[in-house]
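Quick notes on the structure that follows.
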Amino acid sequence: IPIQVVGLAARLLRDGAGNNLSYRTHSVTLGGGQSADVILVAPATAGTYFLYTTNLDRLANDRENFGGMITEIRVN
């Protein structure tokens with residue numbers, strides 16, 4: 001799902017003159033404690049769409065392998 005990144009770390013992506021610096025992408029790289037504000041338009045096709053990391057080899061969940069954040073968007 002394409003997304004529009006409009007903010008990082010709770011700040012709008014604007015320059016000193018107030019120009020819009022938001023951008024479209026398919027992925028966002030975030031470190032621990034970082035945040036991004038994004039806008040997405042859900043697809044017209046019904047289904048469940050997952051948002052997650054593809055770098056499963058870099059994730060850990062305490063002593064368990066393959067942890068980390070994941071969420072889903074359901075379109076009916």
Probe 1.4 Å, all protein chains present, accessible-area order of Val38, Val6, largest first
Val38, Val6
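May I ask you to rank Thr25, Thr71 by accessible area, largest first, using a 1.4 Å probe over the protein chains only? Don't skip to the answer; put the middle values down first.
Numbers: Thr25 35, Thr71 75 Å².
Largest accessible area first, the list is Thr71, Thr25.
Sorted by accessible area with a 1.4 angstrom probe, largest first, how do Ser27, Ser22, Ser35 fall?
Numbers: Ser27 80, Ser22 30, Ser35 55 Å².
Greatest to least solvent exposure: Ser27, Ser35, Ser22.
The values are calculated or read from the model by the stated rules, or taken from the named source; none is laboratory data. What you see is a predicted model; the values in this text were computed from it and never measured. Only protein heavy atoms, including side chains, enter the accessible area calculation; ligands, DNA and RNA are left aside. Shrake-Rupley method; radii C 1.70, N 1.55, O 1.52, S 1.80 Å.
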